[in-house]
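First up is the structure itself, then whatever we jot down about it.
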Amino acid sequence: MIQRRTLVAFAATALLAAAPAFAQFADRTIKFTNGVNEDHPVGVGVKKMQEILAAKTGGKMKINAFWGGSAGNDLQATQALRAGTQEMVCTSSSPLVGIVKELGVFDLPFLFANEKEADAVLDGPAGVYFNKKLEEAGLVNLAYWENGFRNLTNSKRPVAKVEDFEGVKVRVMQNNIFLDTFKTLGTNAVPMAFPEVFTALETKTIDGQENPFVTIETSKFNEVQKYLSVTRHAYTPFLVLYSKKLWDQLSPQEQSVLREAAIEGQKVQRIANRQLNEKSLASLKAKGMVVNDVTPAEQARMFAKVQPVYAKNVPTIGADAVNQVLDALKKARGK
Ligand code: TK8
């Protein structure tokens, strides 16, 4: 009996060995562009994806990653995905509102209080809802990764209360809601693509910008910015997008390995990002930035001041999308 079983197992192994290895996978080099630099935790996520692809496809599927906006900005890359001339991009949701207006909900100021709330929204039915909208626009979202809570930096003056925003020239993402928010707060807001920000700060074309600590540090904005304000005014997720046109040409096995890789990448990326967040703040201080905390009372005043941004933009985003997120938030807050 034991002998027969052993024989059957032996035959099965022999059969597997005889089949051409990894036949379900084609040789593919996937172009994956990033605005952030490779030392951002997105680099940890991409590396994880590369390892999984190497192991599960016998090295047939590879990711060729580009960093620091060296292969164009996120909006250009996203359009290339839609046209089917590039496979992947990791982008903030914000520059994409012209393509999927519903994503604007993530741009509403002071919407999320912490990462737990963001995860609850993105990893639940609301996340699926936005994925569907993206897919209708020719974009397959493999996973939500993290940039983090955004904070203001500038070279003009310490910003700790509402009045301090007045007249500071701040770069915002190419996004109407951010433009509206920063105008409403009193700044002179200028939309600009991310790869142009460092030089614009260096040449004083603009006074400031806003991004999470980790992105501020890995993009070296501290070299050209003096003041950092812990405003935490928005959490705009990273989307890990694949061109739908090119996705539809993949075999089901290729698709499932890519999905798995992006989700495994998400796990290590989020952990790395959260571990680095406080370290980056300390390191930015050590490198000479003046850090201004924003008290909860001041944050509440900022929130009150930007209420018109909600009134003006919610109709454009659509009640459906806003309610998806608000419902998930209510649940996450236990209400
Ligand atoms: C990285 C961008 C960037 C974003 C921005 O490509 O534009 O400020 O926060 O970090 O997605």
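The values are calculated or read from the model by the stated rules, or taken from the named source; none is laboratory data. Computed from a predicted model, the values in this text were never measured in an experiment. Ideal geometry is used to build each Cβ from the backbone, glycine not excepted, and the neighbour counts take in all protein chains shown.
Against the criterion of being crowded, with 17+ Cβ neighbours inside 10 Å, modelled with pLDDT of 95 or more and not acidic (Asp, Glu), Val309 qualifies. Within region 259-304, being surrounded by 14 or more Cβ atoms within 10 Å (Cβ to Cβ) and of a type in the set (S, T, N, Q) holds for Gln266, Gln269, Asn273, Asn277, Ser280, Ser283, Asn292, Gln299. Note on region 31-57: residues that are away from the ligand (no atom under 12 Å from the Cβ), in contact (Cβ under 8 Å) with a residue 60 or more places away in the chain and among the hydrophobic types (A, V, I, L, M, F, W, C) total 5. The single condition among (1) out of contact with any Pro (no Cβ under 7 Å at 6 or more places or on another chain); (2) in contact (Cβ under 8 Å) with a residue 24 or more places away in the chain that Ala272 does not meet is (1). For Ser229, the conditions (1) outside any strand (DSSP E or B); (2) touching a residue at least 40 places away in the same chain (Cβ under 8 Å); (3) within 16 Å of the ligand (Cβ to nearest atom) are fulfilled apart from (1).
Just a yes or no: is a residue in region 106-125 in contact (Cβ under 8 Å) with a residue 40 or more places away in the chain, in contact with a Ser or Thr (Cβ under 8 Å, 6 or more places away or on another chain) and β-branched (Val, Ile, Thr)? No: region 106-125 contains no residue that is in contact (Cβ under 8 Å) with a residue 40 or more places away in the chain, in contact with a Ser or Thr (Cβ under 8 Å, 6 or more places away or on another chain) and β-branched (Val, Ile, Thr).
Would you call Lys133 touching a Leu at 6+ places or on another chain (Cβ under 8 Å) and away from the ligand (no atom under 16 Å from the Cβ)? Answer is yes for this residue. From the list Pro195, Pro191, the one residue that fits, being under 20 Å from Gly69 (Cα atoms) and touching a residue at least 24 places away in the same chain (Cβ under 8 Å), is Pro195.
Quick grid of which residues meet (1) among the aromatic types (Phe, Trp, Tyr); (2) in contact with an Asp or Glu (Cβ under 6 Å, 6 or more places away or on another chain):
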| site | (1), (2) |
| --- | --- |
| Asn292 | no, no |
| Thr295 | no, no |
| Lys305 | no, no |
| Tyr310 | yes, no |
| Asn313 | no, no |
| Asp320 | no, no |
| Asn323 | no, no |
| Ala328 | no, no |
| Ala332 | no, yes |
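Any chance you could count how many residues in region 259-277 are in contact with a Leu (Cβ under 9 Å, 6 or more places away or on another chain), over 15 Å from Phe32 (Cβ atoms) and polar (S, T, N, Q)? Adding up the residues that qualify gives 0. Within region 183-198, the set of residues being of a type in the set (A, V, I, L, M, F, W, C) and closer than 16 Å to His233 by Cβ comprises Leu185, Ala189.
Looking only at residues in region 212-258 that are surrounded by 21 or more Cβ atoms within 10 Å (Cβ to Cβ) and of a type in the set (S, T, N, Q), the one that is farthest from Val128 (Cα to Cα) is Gln225. Inspect all residues belonging to region 88-104 and state whether any of them is closer than 30 Å to Lys305 by Cα, more than 16 Å from the ligand (Cβ to nearest atom) and touching a residue at least 40 places away in the same chain (Cβ under 8 Å). Yes, region 88-104 contains at least one residue that is closer than 30 Å to Lys305 by Cα, more than 16 Å from the ligand (Cβ to nearest atom) and touching a residue at least 40 places away in the same chain (Cβ under 8 Å). Do we find a residue being in a loop (DSSP other than H, G, I, E, B), under 21 Å from the mean Cα position of the chain (by Cα), surrounded by fewer than 17 Cβ atoms within 10 Å (Cβ to Cβ) and of a type outside the set (Ser, Thr, Tyr) anywhere in region 30-51? Among the residues of region 30-51, at least one is in a loop (DSSP other than H, G, I, E, B), under 21 Å from the mean Cα position of the chain (by Cα), surrounded by fewer than 17 Cβ atoms within 10 Å (Cβ to Cβ) and of a type outside the set (Ser, Thr, Tyr), which makes the answer yes. If you go through region 58-87 and keep only what is touching a helix residue (DSSP H, G or I) at 6+ places or on another chain (Cβ under 6 Å) and more than 16 Å from the ligand (Cβ to nearest atom), you end up with Met61, Ile63, Gly84, Glu87.
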